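Read through the structure below, which is laid out as structure tokens, and then see the notes.
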Amino acid sequence: MFKKLILGVLVLMMFTGTVLADPFLVCDPQVNVTHYVITLDGITTTVPAVDLGDDTFNLSFDLGGIDVGNHNVELKAKNIWGESIAVPFGFVKSLPEVPTGIGFK
């Protein structure tokens, strides 16, 4: 019994990292997509579309490691026949402000 409890705790600890993962760039599910072409701040990357299991696909691109500041993205869907037109998207990565009013209550 104790070994099963320890094994269960270890398995749960392995999956806590996914809960605390960096933000992901995503899109609505689509059909007829095999890849997405992402241009993030001028650097182009092609990533496989994520199969959702119901003949639809979407994008899930980890934004971990990007710098603080403004970012520009252009996204295109792709399949064997070609690419869609690029869709622009902008966002800002910002850190929280410094706490103020520190004291006792």
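If I ask for residues that are at pLDDT 95 or above and on the phi > 0 side of the Ramachandran plot, which ones from segment 81-102 would you list? Residue satisfying the conditions is Gly82 alone.
Of all the listed residues (Asn72, Asn79), the sole one being surrounded by 10 or more Cβ atoms within 10 Å (Cβ to Cβ) and either over 12 Å from Phe89 (Cβ atoms) or in contact with a helix residue (DSSP H, G or I) (Cβ under 8 Å, 6 or more places away or on another chain) (or both) is Asn79.
Annotation note: of Lys78, Lys105, Lys3, the sole residue that is out of contact with any Pro (no Cβ under 8 Å at 6 or more places or on another chain), at pLDDT 95 or above and among the basic types (Lys, Arg) is Lys78. The set of residues in segment 6-60 that are among the hydroxyl-bearing types (Ser, Thr, Tyr) and modelled with pLDDT of 55 or more comprises Thr34, Tyr36, Thr39, Thr44, Thr45, Thr46, Thr56, Ser60.
Screening Thr44, Thr39, Thr100 for residues that are exposed (fewer than 12 other Cβ atoms within 10 Å of the Cβ), among the β-branched types (Val, Ile, Thr) and either touching an Asp or Glu at 6+ places or on another chain (Cβ under 7 Å) or part of a loop (DSSP other than H, G, I, E, B) (or both) leaves exactly one candidate, Thr100. Checking each residue in segment 47-85 for being over 16 Å from Pro23 (Cβ atoms), among the charged types (D, E, K, R) and not in a loop (DSSP other than H, G, I, E, B) picks out Asp51, Glu74, Lys76, Lys78, Glu83.
The values are calculated or read from the model by the stated rules, or taken from the named source; none is laboratory data. These figures come from a predicted structure and were not determined experimentally. Every residue, glycine as well, gets a Cβ built from its backbone with ideal geometry; the counts of neighbours run over all protein chains shown.
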